[in-house]
């Protein structure tokens, strides 16, 4: 995408995909007016990650060419502190007369600062550094990470970024204060883009019929730009949008308008796709977008892929190769992730999957456990393989060892990794023995050479800063052993799970309080009332008290509950409660065993006798 100074708002510029001009795209004002920003004193060399970043010391300066109009400096900053205790003072002008102090949220977040006419630079100062105990072998003084800044003249985008940041800070303060009724809206919003899918019959682990039954009358409800207007502040104040539809988003014909609405407001969109409809047209729609694309693959060979989905494995890989080439390789937008869910059918391919990620130069490997949904009774015969959902679920210790092995394989291959089993607490720290055993199992395997793009800095569009998924980029490597406990980063004051404060999923099948929610807590159109409904307040209240709510126990896919159970961290009362809920789930799955069989047999007899009885005189 052309972001040169010659571009003007509304100007049409050609986009080239795969070497051919396929369409024209209207450059949004924040890109058309973008000008270079240079790091000066206080910034270190750029480092590779999903998107390159620089560490800033406690003080740093950014410079740019002055202009006779007001502009807006957008910086994406990553703070290691969870509790708003790290702040950034931004000063413009001699003596710092025009200064503003900004609260920093944990993780990658955009901050927008008004720059007056004639200004040629801005001075930044963090109130405290990143504790040196986290990088004892590094002589640098580090405070925050920063991605390539954006200086533009789009006041509407500036207001959107300010609104988003203000809501995010308010949300953290309410959590710190132990509030269960919130004035903020969810910083992360789950959305439901598409209800149809191109994979038929569905993937073997997809409870398609069950979920479509839950959607009921909402199954055909369209998601359009008008939907965003109906969401109001819930959309305007959210920073991250997560598509959780039971369907394939790239079957949408008008997805362009939605991508524009998300991107122009500085929002991150996370999308899961099967990747089979990544046509040249859809690739063109994605280029330069602030999108994290999760491609469900789960296999490294056509044979295993056919057991889980269909025979389009080779075509899918060709689609991804064209996308990675068109976007310019790793570190360019959209970010492309390959997803692997270990199960009986594919666990033998985990090593080859890491190598596939390295060869394809995707931005990240995402390790995601098969949901431990004891009520799911899916059975399929596909490609000569009998898939039984319940028998495919791997024991927890085996999952931990797989996580350790994949972590080591990814380290050797230079492939960034996100392990969703670490949601709510690092898996390696909680289950060190099994994780270390997984790492150690790689000792005899040859170390893979990392692709060039994994070891050398890569160039991302300077005008399009992006967010990154958890976990955040690691601190600099250490060369000295850590002595004693590390200083607190403010996360020790939070409950085990913060999702009910930070997320709301507005889905066709109902409103969910978190990404691992079991049953819906409200109908799709009742999301505004659901955000502070008595049930959600009760869930927050229980978590603040150090307990899981019954809703959590009825959501068996939650890795936090799963890890607490496996680590024996539950109280006797909580463990008994969890076991009773699991027993009920198994009873429903088995249709209540022999009592259920007797009941159903008696019911059939009664119905047969009733139907055959003579009419009353």
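The values are calculated or read from the model by the stated rules, or taken from the named source; none is laboratory data. Computed from a predicted model, the values in this text were never measured in an experiment. Please note: Cβ atoms are built from the backbone with ideal geometry, for glycine as well, and neighbour counts cover all protein chains shown.
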> Is it true that some residue in region 412-421 is under 25 Å from the mean Cα position of the chain (by Cα), modelled with pLDDT under 95, more than 24 Å from residue 359 (Cβ to Cβ) and not assigned by TED's automatic domain parsing to the domain that holds residue 519?
Replying inline: yes
>> For a quick check of your reading: which strands (runs of 3 or more DSSP E) sit entirely within region 250-360 and have at least 2 residues that are touching a helix residue (DSSP H, G or I) at 6+ places or on another chain (Cβ under 6 Å) and crowded, with 16+ Cβ neighbours inside 10 Å?
In response: 268-273, 335-340
> Any residue in region 87-94 that is within 26 Å of the chain's Cα centre (by Cα), surrounded by fewer than 22 Cβ atoms within 10 Å (Cβ to Cβ) and either in the same structural domain as residue 290 (by TED's automatic domain parsing) or without any contact (Cβ under 8 Å) to a residue 60 or more places away in the chain (or both)?
Replying inline: yes
> Within region 485-522, can you find the residues that are over 15 Å from residue 189 (Cα atoms) and without any contact (Cβ under 8 Å) to a residue 40 or more places away in the chain?
Replying inline: 485, 488, 492, 518, 519, 521, 522
> So which of 614, 595, 556 ends up being surrounded by 16 or more Cβ atoms within 10 Å (Cβ to Cβ) and either at pLDDT below 85 or assigned to a helix (DSSP H, G or I) (or both)?
Replying inline: 556
>> Go through region 515-545 and report how many residues are in contact with a strand residue (DSSP E or B) (Cβ under 9 Å, 6 or more places away or on another chain) and closer than 19 Å to residue 271 by Cβ.
In response: 1
>> Please count how many residues of region 296-314 are within 20 Å of residue 242 (Cα to Cα) and free of Cβ contacts under 8 Å to residues at least 60 places away in the same chain.
In response: 1
